[in-house]
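Down below is the structure, laid out as structure tokens.
Readers should treat all values here as calculations from the given coordinates under stated rules, not as data from a laboratory. Quick caveat: nothing in here was measured; it's all calculated off a predicted structure. Neighbour counts run over all protein chains shown; Cβ positions are idealised from the backbone, glycine included.
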């Protein structure tokens, strides 16, 4: 692969997840230039000049035993304009390509004297890039610079090109020593060796003795907090002093490190830090997470997104992902963090239903991909597959093996591959070792194939058999192509029994028979009531929600032609914002320009004056909700229309596979905020907001009452009553939280002086 191809691919990667971009960058070098041994070691000495957006550096690189650059030298990449110069006698550097890409990267070839394994070079220049949009769907994307050195702070990742990157071997150990202006601090991976203040500013040094995929460096004016959390340190770096906020994150860090050490194995690093960024982000880096000022102060983040980022210390940063065979790390991390937190609250089934709904609403025909092709999230479709399908793969594996064997598989995977690369094949092998059985049918169909099973239940009937009852029914897989091997959970509600009769049926072909001998008359049969299978849900199993509009192939937004020009202009701006929230094609028009709602697309109605609003209010009746002149009733809670904004979704009256949605607002200033917020509330059926911001004050999902996966059976007199499902057996969470180690916290400190 020549340098031009590499630079073009590097530029195309910018929508990739922060953890994956650096590893994939290194795969783009020629395979012949590889270090098939120990990691490269880099000893960096930097001076950062934020006011000038500049860095000056000396890098001493030690290649592993057996390395030889040969006559062709060794290639490396560096940010454009940094002008590297050799310091080792007898060495020379030639530029080969660039600058190209975003950030602009130049490639060089360095020629070394025979037998040389350690070489030094110096370089310097500016790294200063504006924020840019990341992600295909801009309404849900994040903004970030490719790299930044400035008065607000420093943001340098492996993809920023701020230090030389070498081909073939993505892992490295390093020491980075940074000189900064007075009042500044710096954070990187590893242990901090030096933190001191002198007349010429601040000197900070971090060293990582364990192999890493990249070097990440953040700097700013921080107030620092420290807390011993067992063998590791919990750290917080805030841009403004906030003792209570820091204490919340320090306690959470200790709690989650203890939780995951019990579940998986020892924490692999010397610290985990929360670092406050200088713009809004939610990034996970090796050994720390980088959160924006508003994000980290959201009260729910510490118990939702935060454990997800901590867990990446095990999956992604502790065991590295073989991206060439598919990224399994994001799905497993989501399962053991986001799903686990909900499971511990008794809401695991609801979380899985939402996961499957995202797949149903976003991954339409022609959008699917096998897990072997998932590298990173760059939109709702890749999120639904790479996170959601992988999450469900591990959930089904757990259901099949049992909790103890599943936990043993996790520990085996971590033990055998810590600081090594693992693909789906290695993941499968670890669980096979734990289970003592071949698991090809538990992995291969779900990893190598796109798609999901569509399961239907047919022709259930019950007959007396002595003192018992015989229940017979059939299951079918309706999707095109080969069947998926699944173990289908069943729950039978019995007359006079509070607890459901639970069992499961193995389904290896397109059809399977249910034949159960039951101790009492069955009144109701539920198939997969806990949403334990990865499958394509039927529309009747899930409530209408914003996802049906954001995921639809075609969407029509109808603006109220009766609104005045000021309102109409704001409605149009909101429509343009929301049109970027999904992958489909969006058309914007006036309600006066159409005679009827089209039945081939989901439709948004904007404004209380919208002439089609009565069609939506008809659909609210079945949910015990209504839109009145002065108030809106959402199930059992009523809101005054004054000062509030609302978003509601119902089934499209002419096509239940699609949705009809409405946005109404009393205050025109609330519309801009709705445009920012609604894509993040996509799983809900209804939302209420208050004020100009606006702040969310109510959210919910309509109840589902007509699921095709539920069959009601006749009583002895032949009557059929729609009885509620009997109680399912309670489930234990995969792991409960142990008490974290109690340690004394240090007082907050700035960058000068060790605490």
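Tabulated results
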read-out: Label point at residue 404 placed 7 Å out along Cα→Cβ; residues across segment 414-441 whose backbone nitrogen lies under 18 Å; value: 431-437
read-out: Angle in degrees between helix 403-417 and the longest Cα principal axis of the chain, rounded to the nearest 10; value: 20 degrees
read-out: Segment 225-318: relative contact order in percent, alpha carbon pairs under 8 Å with at least 6 residues between; value: 26 percent
read-out: log₁₀ of I(q)/I(0) at q = 0.05, 0.07, 0.08 Å⁻¹ - the chain, Debye sum with one point per alpha carbon; value: -0.30, -0.58, -0.75
read-out: Anisotropy class of segment 286-372 from Cα gyration tensor, a/c 1.5 cut; value: oblate
read-out: Gain upon complete extension [residue 425, residue 87; 0.36 nm per residue less C-alpha separation]; value: 117.3 nm
read-out: Which of 636, 196 has the fewest Cβ neighbours within 10 Å, and the rest in rising order; value: 636, 196
read-out: Helix 424-435 vs. the chain, principal-axis angle (Cα, 0 to 90°, nearest 10); value: 70 degrees
read-out: 5 Å binning of all Cα-Cα separations within segment 260-409, expressed as whole percents from 0 upward; value: 2, 9, 16, 21, 21, 18, 10, 3, 1, 0
read-out: Mean projection area, nm², convex hull over Cα of segment 455-533; value: 5.1 nm²
read-out: Unit Cα scatterers, Debye sum, segment 547-700: log10 I(q)/I(0) for q = 0.21 Å⁻¹; value: -1.58
read-out: Rough spin-label spacing in nm, given labels placed 7 Å along Cα→Cβ, for residue 62 and residue 629; value: 8.3 nm
read-out: For segment 160-269, alpha-carbon Rg relative to the globular expectation (2.2 N^0.38 Å, N residues); value: 1.20
read-out: Degrees, to the nearest 10: 565-578 long Cα axis against longest axis of the chain; value: 70 degrees
read-out: Proxy reagent accessibility, fewest Cβ within 10 Å first, across 204, 427; value: 204, 427
read-out: Longest to shortest principal axis, alpha-carbon extents of segment 222-318, angstrom; value: 34, 23, 20
read-out: Three principal axis lengths of segment 348-448 [C-alpha, angstrom, descending]; value: 37, 29, 23
read-out: Neighbour-count order for 359, 320, fewest beta carbons within 10 angstrom listed first; value: 320, 359
read-out: Relative contact order [Cα under 8 Å, 6+ residues apart], segment 416-521, whole percent; value: 24 percent
read-out: Additional length obtainable on full extension of the chain from residue 654 to residue 372, 0.36 nm per residue less Cα span; value: 97.7 nm
read-out: Ordering of 661-667, 725-731 by packing [mean C-beta count within 10 Å, highest first]; value: 661-667, 725-731
read-out: Relative contact order (%) - the chain, alpha-carbon pairs under 8 angstrom, separation at least six; value: 11 percent
